[in-house]
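So the structure is just underneath, and the comments pick up after that.
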């Protein structure tokens, strides 16, 4: 698939502080890439560089194959920044019309009405934005990002401050943009649940370095580290669990009622099942355990912290 | 040019929504009346010296020429500070500039648009107030004391309608540049107040002395200096500088 956003060995200093260290990142056509990291990790700086608001000290940054410092490239990039950039004294309609005119959007009025409807603000479109709640402003900022019909959207915490129902709606809008309109999205977020629900790829940045990136599903398999869930017909007797702990090549993570969570190499799984059956344990289901994004996130950050010490 | 006008028009509209803009306009009218007493004092001095009607007419012409040269410039500068507050300071404080810079519009165009949003309404208001003030001084003082309505010299008219707007734009370009890159843009706004005070006291001194000063040359020289400064400053205006100078 074609790379829509590419960062190659990008470094950035602000004063003496190194904000980004040889960052490599690519977002391919049709991706929703979840860009994760703790506060101050370098997410916003990366986004600013992608939007051409900052220059990388070294490395290469391109969007749709072009240098982001070229003004016309931004014609194809929709954005939601940390601050919404909306004008309090203008109505929602006028705010979007103003931005649309900066992008030379044809049939702007129609597109604006559609975008405002999509984010559920039609009944407040004629109200001044100064009267909007934080969540409504975020929705409007998202609507603004859609109006120029960009090929790629760079969204910095678009659901921050939005109520749970609104978050679900915004997630659905993002998914529709990918599925129905073939857009590409880079989504910076602290909401791991949100990222896990909608992103197909993730990248994790910590102290200016990308610590992990790839397809979420693959990462979940890899990071499960041989995790296995076995559901048994009856609760496993403690004595059997104790014996199980002494078997070579496996680690008992947890045992609750009829659920046994283990870590084992794939070659060992048939032997473990056979051993349990020989102990009179009925097996109902064996599932490969997938690490949650939260587990991946905390594990990688812990490793990074340990490595840095 | 179209994008520049779109940006500038929005800022101008926002400024006219504010009451303080109208208060400033009222203040300008009040300031104009201070020239009535200046003119009266000038004529009284001439009368004490037993000057004839021709001498009074000549002195009045010089006085009114000086007004035509200086009033539009002073008033433009004074009112620039209010328009600059809406065009740059508010946008910067609310980080709206960040979003504007992420659009396809170049930073140079944003700079020029913001400068025009400050210059155009300021100059138009200043010219309107100056014309009204000029007519009022003529009707209330000049006609009774000098014996007739005095129109400024063509050079003074050209200066008011051409040189002053260009000079204001040149000054505003530099002030807006500073506002864009300074963490506290209000500091740059003080430049307007400083220039206004300098012009106000300088012009009052010159007009009360009845000196015939060639303002056109001074303005041309200043325009050249300010435009050269703006030209050399422009490469150092980057999105990153503007972004990082915004607090918060």
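Quick note: the coordinates plus some simple rules give every number you see, no bench work behind them. Since this is a predicted model, take the numbers as computed values, not measurements. Counting neighbours? That spans all protein chains shown, and the Cβs are built from the backbone with ideal geometry, glycine included.
See the values below:
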{"quantity": "Gaussian network model of chain B, Cα within-10 Å springs - most flexible of B:101, B:74, B:140", "calculated": "B:140"}
{"quantity": "Cβ-based exposure ranking for A:169, A:234, A:18, in which fewest neighbours within 10 Å come first", "calculated": "A:234, A:18, A:169"}
{"quantity": "Segment B:110-248, Cα convex hull volume normalised per residue, Å³", "calculated": "115 Å³"}
{"quantity": "Ranked B:95, A:246, A:13, criterion: other C-beta atoms within 10 Å, fewest first", "calculated": "A:246, A:13, B:95"}
{"quantity": "Whole-angstrom Cα spans of segment B:146-189 along principal axes, big to small", "calculated": "55, 19, 8"}
{"quantity": "Using alpha-carbon coordinates, inclination of helix B:107-137 to the longest axis of chain B, degrees", "calculated": "20 degrees"}
{"quantity": "Equivalent ellipsoid, the protein assembly as shown (semi-axes from 5 times Cα gyration tensor eigenvalues, Å)", "calculated": "70, 22, 18"}
{"quantity": "Cα pair distances of segment A:1-57 binned at 5 Å [whole percent]", "calculated": "5, 17, 28, 27, 15, 6, 2, 1"}
{"quantity": "Percent antiparallel among DSSP beta bridges (both partners in chain A, rounded to 5)", "calculated": "70 percent"}
{"quantity": "Helix B:2-16 vs. chain B, principal-axis angle (Cα, 0 to 90°, nearest 10)", "calculated": "60 degrees"}
{"quantity": "P(r) of segment A:225-288 over all Cα-Cα pairs, binned every 5 Å from zero, in whole percent", "calculated": "4, 19, 36, 31, 10, 1"}
{"quantity": "Hydrodynamic radius by Kirkwood, which averages 1/r over all alpha carbon pairs of chain A, in angstrom", "calculated": "21.8 Å"}
{"quantity": "Cα-based equivalent ellipsoid of segment B:1-103: semi-axis lengths in Å, sorted from largest, via gyration tensor", "calculated": "44, 14, 9"}
{"quantity": "Calculated SAXS-style log₁₀ I(q)/I(0) at q = 0.12 Å⁻¹ - chain B, Debye, Cα scatterers", "calculated": "-0.70"}
{"quantity": "Taking A:93, A:163, B:91 and counting other C-beta atoms within 10 Å, the order from fewest to most", "calculated": "A:163, A:93, B:91"}
{"quantity": "Where a label projected 7 Å from the Cα of residue A:163 along Cα→Cβ would reach, residues of segment A:90-120 with amide N under 20 Å", "calculated": "A:92, A:116-120"}
{"quantity": "Residue of B:85, B:160, B:205 that the Gaussian network model of chain B assigns the largest fluctuation, springs spanning Cα pairs under 10 Å", "calculated": "B:205"}
{"quantity": "Peptide A:82-94, shielding by other chains (average Cβ, 10 Å cutoff)", "calculated": "4"}
{"quantity": "Convex hull volume per residue for segment A:142-239, taking Cα atoms only, in Å³", "calculated": "196 Å³"}
{"quantity": "Relative contact order (%) - chain A, alpha-carbon pairs under 8 angstrom, separation at least six", "calculated": "19 percent"}
{"quantity": "Estimated [θ] at 222 nm from DSSP helical runs (n ≥ 4, -39500 (n - 2.57)) normalised by residues in the protein assembly as shown, nearest 500", "calculated": "-17500 deg cm²/dmol"}
{"quantity": "Segment A:47-190: C-alpha gyration tensor shape, a/c 1.5 cut-off, then a/b vs b/c", "calculated": "prolate"}
{"quantity": "Relative contact order %, chain B, counting alpha carbon pairs below 8 Å whose residues are six or more apart", "calculated": "31 percent"}
{"quantity": "Cα-based helix-to-principal-axis angle, B:185-209 vs chain B, degrees rounded to 10", "calculated": "10 degrees"}
{"quantity": "Percent of Cα-Cα distances greater than 16 Å, calculated over segment A:189-309", "calculated": "65 percent"}
{"quantity": "Within 10 Å of each Cβ in A:41-50, the average number of Cβ atoms from other chains", "calculated": "1"}
{"quantity": "Averaged over B:5-12, number of beta-carbon atoms from partner chains that fall within 10 Å", "calculated": "3"}
{"quantity": "Value of Rg to Rh for segment A:52-110 (Rh from inverse mean 1/r over Cα pairs, i.e. Kirkwood)", "calculated": "1.05"}
{"quantity": "For segment A:114-259: relative contact order, % (alpha-carbon pairs under 8 angstrom, 6 or more apart)", "calculated": "15 percent"}
